[in-house]
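Engineer: My structure is below; once you've seen it, I'll send some questions.
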Amino acid sequence: MNERNNMPMVALRGMTILPEMVIHFDVSRDRSIAAVNAAMEEEGQRIFLTAQKNIDIENPGQQDVYSVGCVAQIKQVIRLPKNLLRVLVSGEYRAELLEIGMEEPYLQAQICRQPDIDRIEETLGSRENNPNLEAMCRGLKDIYNDYIMRHPKYPKDMMKQINDYMDIHKLVDVMAANIPMDYKDLQEILEERDILDRYDLLAFKIVNEIQIMNIKEEIQSKVKERVDKHQRDYILREQMKLIREELGEESTVSDAEEFRQMVGKLKASKEVKDKLYKEIARFQSSINSPAESGVIRTYIETMLEMPWDNVVEDTKDIAYAKEILDKEHYGLEKVKERVLEFLAVRALTTKGDSPILCLVGPPGTGKTSIAKSLAKALKKPYVRISLGGVRDEAEIRGHRKTYVGAMPGRIANGLKSAGVKNPLMLLDEIDKVSNDYKGDTFSALLEVLDSEQNVKFRDHYLEVPMDLSEVLFVTTANTLQTIPRPLLDRMEVIEISSYTENEKLHIAMEHLIPKQIEKHGLKMDQLTISRGAVWKMAGNYTKEAGVRQLERKIGDICRKAAKEILEDGRKRIRVTESNLHKYLGKERYLYQMANQTDEVGIVRGLAWTSVGGDTLQIEVNVMPGKGEVILTGQLGDVMKESARTGISYIRSVGEAHGIVEDFFKKHDIHIHIPEGAVPKDGPSAGITMATAMLSAITGRKVRADLAMTGEITLRGRVLPIGGLKEKLLAAKNAGIRTVLIPAENVRDVEELSSEITRGLEIRPVSRMEEVLEAAFVKNEEKGEQL
């Protein structure tokens, strides 16, 4: 059993200590200084050293450090100014951190020594005169010698010391302890207990370092060759310039020379520069053809204005980005979260594909404006391209420069106006692109919005590939129905649902009202609009998914307020619920409030619409007849099927509810949903219709302060539905106290803010028996048994 010890511990930042390593480090944290002092007072002066996973954590716990560290002996301690200690240690053996038993005044670690796993004799045979073991030692020494020869600052006499070691175990440990590596690489070596595996890992790390140095030398050599070539070209150009001045060809040549100088300064690939040099040579030879010369000049100037390799540095300030997004937009959490995730990944990897986001939602929900805020938060230039009505493929890819009046496409022009190759580019109204005989615009967008292909996007006018992989594309659409499936597959769709009235209240108070007051030349102390007035505007004067109509209504109030201030000399105007009609007239929309009394055959359902949630009062009448089911109220096919499913369920449980066998043969059931001019469809009213029918058949009253939503099956199970946020808000506005929802939708409720659920009793149900138990009025006599 491995020996367990308790000893002081120091968590190192950016450093890993190995056995056989002699090294010094500085400590400044109070707990670390206390740990060093405690170790110096103990016999053996030993201390446990392990590396922090995140160097930014000031007071690390057990979960913040690596579990495998090294027990080292303190050789020397020097006190420096500003309460610093410089500690010289010698690594002795690796150990595992079991637990931190004490955290104050210093970290006291319980450790377990981790002996090496020796499989040499088992794998390679006896150690004595073993050729395999000898080959491994020589191979590792050769690799190490190669590394030392390439590393200019490394002491050359180290190889002599290494050559003295013949034991592979000692050789690997000493070599690992004396080679400069990143602390994470050293941590991997430290955690490897198996000697042979540690040998393989160390050899791999050294070979990898050698390859990196080879690549670095190759790059430096190429840079030197290029510099020498540029000096030679410069001398030749100066000679040519002098000759042409003598021949009187100075004007065109001076333009061409200026272009060449601009190409020399251009940040672009060799392919782009070669193309430009070729066109400049053509431009020089076209002195006698003004038309051709003009076309070539326009092309060269366009190419020089393109931001080939010019980039804006990506921001890593997630806190700033979050502050900007929250300040300028309320809600839209999924969009904000996705952008912050992109920022976090880019900050960690310094690269990574830019996401291609597609924001889908009703008009007026802030899709276009959030894109502008994203650009501001990411500190990127913002380019907006409206695709509504675009029907020519050349609008995307550009025209070939042989045509008269040819020009680059909108994508290339957008990059040119941004001035960098990594802006935020908004493709607005992508669902309204159309096609004609000139080409399929959607197909042209396939290459633009494919992260695998847009590295080499080729504009017809430019004729050289452009890199669009670093462009952060954001597209907007009102519907996905008109977007082809292959294009949709290339984008990350984020649905922006309609705003609830609660969200509209926040948006109006925090953004719209200050904006409109400033726009109409008023001051904040001259006009005050109460929360109740905003709530009434959102509910009774507008009916929309977004906030455009609400902003117009606020604008109406501001105009009338400005008129009153000038005409009547009023200094302060306060708009409240009670005087709102003076500014906006009578209410245009009314809520259908909950009924005052419990009734038979009437149940309140919940519906989702494109402009928010609504309540539906489902009415059922039972009358003598021949067993027909009558459905009215402009119901869709799915809703009709839900009603029939509810009838089948009721017939299957009729005996339990005292329904006589021939009831359904002698009676007709009429289901009606008011507002017959409004089409209604969907399965979510299934349990509502079934409850209303059973109430009408048995004569039992249903609670007036209760609403429900959920799909019903033939066996009485309640299935989940969508649009729960809007439905709950509609129930709350209608004065409903209890809402029955499918049990599988409980996770959706947990995501909602407390402002929406406050005051509502939300009861999850999974079977119709639970629905009936909650819906029927308790302690009442049943109606006449049928």
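Engineer: Mind running the shape call on the stretch 572-666? Use the C-alpha gyration tensor, a ≥ b ≥ c as the square roots of the eigenvalues: rounded below 1.5 for a/c, prolate if a/b tops b/c, oblate otherwise. Don't jump to the answer; show the numbers that get you there.
Structural biologist: Values: a/c = 3.57, a/b = 2.72, b/c = 1.31.
Prolate is the answer for the stretch 572-666, as a/c is 1.5 or above and a/b outweighs b/c.
Engineer: Between the DSSP loop rule and a limit of at most 15 other Cβ atoms within 10 Å, which GluC sites (Glu not before Pro) in the stretch 102-189 are left? Could the numbers behind the result be given before it?
Structural biologist: On the way: sites: 103, 121, 122, 128, 134, 188; in loops: 103, 128.
For GluC sites (Glu not before Pro) across the stretch 102-189 that sit outside H, G, I, E and B with at most 15 neighbouring Cβ atoms in 10 Å, the list reads 103, 128.
Engineer: Of 712, 235, 23, which has the most accessible area with a 1.4 Å probe, and how do the rest follow in descending order?
Structural biologist: Numbers: 712 10, 235 100, 23 50 Å².
Heavy-atom accessible area, descending, gives 235, 23, 712.
Engineer: Okay, moving on. Using alpha carbons only, how many angstrom separate the centre of the stretch 428-491 from the centre of the stretch 68-99?
Structural biologist: Computed from Cα coordinates, the inter-centre distance equals 58 Å.
Engineer: How many percent of the accessible area of the chain is carbon or sulfur, using a 1.4 Å probe? Don't skip to the end; give the middle numbers.
Structural biologist: Values: 19720 of 40500 Å².
Heavy-atom surface of the chain belonging to carbon and sulfur, 1.4 Å probe: 49 percent.
Engineer: Are there any GluC sites (Glu not before Pro) in the stretch 34-82 that are in a DSSP loop and have at most 16 other Cβ atoms within 10 Å? List them by number.
Structural biologist: Numbers: sites: 41, 42, 43, 58; in loops: 42, 43, 58.
Hits after loop and neighbour filter: 42, 43, 58.
Engineer: Give me a comma-separated list of calculated 3J(HN,Hα) values for the stretch 613-618, in order, Karplus coefficients 6.51, -1.76, 1.60 applied at θ = phi - 60°, integers in Hz, x for any Gly or Pro.
Structural biologist: Each residue of the stretch 613-618 in turn: x, 7, 9, 10, 9, 8 Hz.
Engineer: To continue, here is another question. Relative contact order, percent, of the stretch 260-406 when contacts are C-alpha pairs under 8 Å separated by at least 6 residues?
Structural biologist: On the way: 81 pairs, mean separation 31.7, N = 147.
Result for the stretch 260-406 is 22 percent.
Engineer: Determine one quarter of the surface area of the Cα convex hull of the stretch 1-55, which equals its mean projected area, and express it in nm² to one decimal.
Structural biologist: Its Cα hull, projected and averaged over all orientations, spans 4.9 nm².
Engineer: Per residue, how large is the accessible surface of the stretch 124-196? Use a 1.4 angstrom probe and give square angstrom.
Structural biologist: Computed with neighbouring chains in place, this is 53 Å² per residue.
Engineer: Could you provide, to the nearest whole Å², the per residue accessible area of the stretch 591-673 with probe 1.4 Å? All intermediate terms of the calculation are to be shown ahead of the outcome.
Structural biologist: On the way: 4390 Å² over 83 residues.
Result: 53 Å² of accessible area for each residue.
Engineer: Once you wrap a convex hull around the alpha carbon atoms of the stretch 169-208, what is its projected area averaged over all directions, in nm²? All intermediate terms of the calculation are to be shown ahead of the outcome.
Structural biologist: Values: hull surface 9.9 nm².
Mean projected area for the stretch 169-208: 2.5 nm², to one decimal.
Engineer: Above 21 Å lies some portion of the pair distances; for the stretch 280-352, what is it as a whole percent of all C-alpha pairs? Show your work: numbers first, answer last.
Structural biologist: Working: 1459 of 2628 pairs.
Counting every Cα pair in the stretch 280-352, those more than 21 Å apart make up 56 percent.
Engineer: I need the shape label for the stretch 76-115. Rule: rounded when a/c is under 1.5, else prolate if a/b > b/c, else oblate, with a, b, c from the alpha carbon gyration tensor.
Structural biologist: Note, shape of the stretch 76-115 comes out oblate.
Engineer: Given the whole protein assembly as supplied and a 1.4 Å probe, what does the accessible area of residue 581 come to in Å², nearest 10?
Structural biologist: 110
Engineer: Can you list which of the trypsin sites (Lys or Arg not before Pro) found in the stretch 303-399 are DSSP loop residues with at most 16 other C-beta atoms within 10 Å?
Structural biologist: Here the sparse-neighbourhood loop sites are 316, 351, 379, 391.
Engineer: What lysines could a cross-link reach from residue 666, if we take a straight Cα to Cα line under 27 Å and drop same-chain neighbours fewer than 8 places away?
Structural biologist: 626, 640, 701, 782
Engineer: With an 8 Å Cα cut-off and a minimum separation of 6 or more residues, compute the relative contact order for the stretch 603-734 in percent. Intermediate results must be reported in sequence, preceding the final value.
Structural biologist: On the way: 254 pairs, mean separation 51.4, N = 132.
Dividing the mean separation by the residue count of the stretch 603-734 yields 39 percent.
Engineer: Hey, another quick one. In whole angstrom, note down how far apart the Cα centers of the stretch 147-221 and the stretch 572-625 are.
Structural biologist: Spelled out, the Cα-based centre of one part sits 77 Å from the other.
Engineer: Check every DSSP H run in the chain and write down those whose alpha carbon atoms cover 30 angstrom or more along the long axis and whose mean Kyte-Doolittle hydropathy is -1.0 or greater.
Structural biologist: On the way: long enough: 195-247 (78 Å, -0.61).
Qualifying helices: 195-247.
Engineer: So what is the relative contact order for the chain, in percent, with contacts set as C-alpha pairs under 8 Å and at least six apart? Mind showing how you got there, number by number?
Structural biologist: On the way: 1369 pairs, mean separation 55.8, N = 786.
Relative contact order, the chain: 7 percent.
Engineer: Something else: For the chain, max minus min Cα coordinate along each principal axis, in Å, sorted largest first?
Structural biologist: Sorted largest first, the three principal extents are 109, 95, 63 Å.
Engineer: Using a 10 angstrom Cβ neighbour count of at most 14 plus a DSSP loop assignment to flag exposed chymotrypsin sites (Phe, Trp or Tyr not before Pro), which longest range of the chain is free of such sites?
Structural biologist: Looking at the chain, 1-402 is the longest stretch - no exposed chymotrypsin sites (Phe, Trp or Tyr not before Pro) with at most 14 other Cβ atoms within 10 Å.
Engineer: Further, regarding this structure: Please state the equivalent ellipsoid semi-axes for the stretch 589-742: what are the square roots of 5 times the Cα gyration tensor eigenvalues, largest first, in whole Å? Don't skip to the end; give the middle numbers.
Structural biologist: Working: eigenvalues 124, 49, 45 Å².
Three semi-axes, in Å: 25, 16, 15.
Engineer: Additional query: Shape of the stretch 1-106 from its Cα gyration tensor (a ≥ b ≥ c, root eigenvalues): rounded if a/c is under 1.5, otherwise prolate when a/b > b/c, or oblate? Before the final figure, lay out each step's value.
Structural biologist: Numbers: a/c = 1.37, a/b = 1.13, b/c = 1.22.
Here the stretch 1-106 falls in the rounded category.
Engineer: Ignoring everything but the protein chains, give the 1.4 Å probe accessible area of residue 228 in square angstrom, nearest 10.
Structural biologist: Only protein atoms counted, so the area is about 80 Å².
The values are calculated or read from the model by the stated rules, or taken from the named source; none is laboratory data. Model, not experiment: these values are computed from the prediction. Glycine gets a Cβ as well: all are built from the backbone with ideal geometry, and neighbour counts include every protein chain shown. Areas reflect the complete protein model, heavy atoms only, side chains present, ligands, DNA and RNA absent. Shrake-Rupley method; radii C 1.70, N 1.55, O 1.52, S 1.80 Å.
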